[in-house]
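Let me begin by presenting the structure, written as structure tokens, before commenting on it.
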Amino acid sequence: TNRLRQNASVQSVALASSLPGQSPGQVRVEVEGADAVVDHLRPTTGSVSVTPAYFDTLGVRPLAGRVFVDGDTGGSLPVVIVNRRFIERFLPVDRAIGHRIRLIDPGSPQPWLTIVGVVPDLFLGGLRADQRSGVYTPLDQKPRFSMRMVIRTRGEPASITPFVRAQVAALDS
């Protein structure tokens, strides 16, 4: 993304494991303080890993708290941003920021994640209403195998297509 940011037409660049309109991966979630349940019976929610510029690049402002910053790395406090639908399903709105959740990964203990922000509902795909809730984790804290790129331009988006293709090809032809 650093190479792309060097182009004067590029305002911001971000990476995400899933984009609005695509179905993200589903994970089971545990909310701190909720009644204990066997892991495979826990509710599911969408899960997207993103770089810090993701919400700014999409033009999304948090409803509460903050978005991710460069300091949200693998060595820092594990954090998460949730969407409005997640709050409606799992937590009282006035107690969301600072509350902790855990994403269930069978066979591997996961850390508690502190909610640092609440964002509007971005279309996370899926036909069932309960699949529209979602959590966002910093890519540095929850790496993914496959990523998508989002670019906000200062001018006509199609004008930078050759430049973007050249940069991607330079990394991996």
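The values are calculated or read from the model by the stated rules, or taken from the named source; none is laboratory data. Keep in mind the model is a prediction, meaning the values are calculated, not measured. Note that each Cβ is placed from the backbone with ideal geometry, even for glycine, and that neighbours are counted across all protein chains shown. Protein only, heavy atoms only, side chains kept; ligands, DNA and RNA dropped before computing areas. Shrake-Rupley method; radii C 1.70, N 1.55, O 1.52, S 1.80 Å.
Once R0 is set to 22 Å, what does the formula 1/(1 + (r/R0)^6) return for the Cβ-Cβ distance between Val60 and Gln26, expressed as a FRET efficiency to the nearest 0.05?
Numbers: r = 21 Å, r/R0 = 0.97.
Given R0 = 22 Å and the Cβ-Cβ separation, E is 0.55.
Search the structure for amide H atoms under 5 Å from the amide H of Leu124, placed 1.01 Å from N in the peptide plane, and list their residues when 5 or more places away or on another chain.
Gly21
Please identify every one of the chymotrypsin sites (Phe, Trp or Tyr not before Pro) in region 61-161 that sits in a loop by DSSP and has no more than 16 other beta carbons within 10 Å of its own beta carbon. Walk me through the intermediate numbers first.
Details: sites: Phe68, Phe86, Phe90, Trp112, Phe123, Tyr136, Phe145; in loops: Phe68, Trp112, Phe123, Phe145.
When the chymotrypsin sites (Phe, Trp or Tyr not before Pro) of region 61-161 are filtered for loop state and at most 16 Cβ neighbours within 10 Å, Trp112, Phe123, Phe145 remain.
Using each residue's phi in region 78-89, evaluate 6.51 cos²θ - 1.76 cosθ + 1.60 at θ = phi - 60° and report the 3J(HN,Hα) Karplus result to the nearest Hz, with x for Gly and Pro.
x, 10, 8, 10, 10, 8, 4, 4, 4, 4, 4, 7
Going by alpha carbons, how many degrees (0 to 90, nearest 10) lie between the helix axis of 161-171 and the longest principal axis of the chain?
70 degrees
Can you compute the FRET efficiency between Val37 and Arg165 using 1/(1 + (r/R0)^6), with r the Cβ-Cβ distance and R0 = 41 Å? Round to the nearest 0.05. Could the numbers behind the result be given before it?
Values: r = 48 Å, r/R0 = 1.16.
Between Val37 and Arg165 the formula returns 0.30.
Assuming R0 = 25 Å, can you tell me the calculated FRET efficiency for the pair Gln110 and Ser146, based on Cβ-Cβ distance, to the nearest 0.05? Intermediate results must be reported in sequence, preceding the final value.
Details: r = 21 Å, r/R0 = 0.82.
Calculated transfer efficiency: 0.75.
Roughly how many whole Å is it from the C-alpha centroid of region 59-129 to that of region 137-154?
Going from one Cα centre to the other spans 16 Å.
Just to be sure I understand the curve: with the Debye formula and one point per C-alpha of region 82-173, what is log10 I(q)/I(0) at q = 0.10, 0.22, 0.23 Å⁻¹?
Computed log10 I(q)/I(0) values: -0.43, -1.16, -1.22.
Taking 0.36 nm per residue of sequence separation and subtracting the Cα-Cα distance, how much length would be gained by fully extending the chain between Gln11 and Thr44, in nm to one decimal? Don't skip to the end; give the middle numbers.
Details: separation 33, 0.36 × 33 = 11.88 nm, distance 3.48 nm.
That pair, Gln11 and Thr44, stretches by 8.4 nm at full extension.
Using a/c under 1.5 as the rounded threshold, could you call the chain rounded, prolate or oblate? The axes a ≥ b ≥ c are square roots of the C-alpha gyration tensor eigenvalues, and prolate needs a/b larger than b/c, oblate otherwise. Mind dumping the intermediate values first?
On the way: a/c = 2.00, a/b = 1.89, b/c = 1.06.
Here the chain falls in the prolate category.
Over the chain, give the accessible area per residue in Å² for a 1.4 Å probe, as an integer.
Values: 9410 Å² over 173 residues.
Result: 54 Å² per residue.
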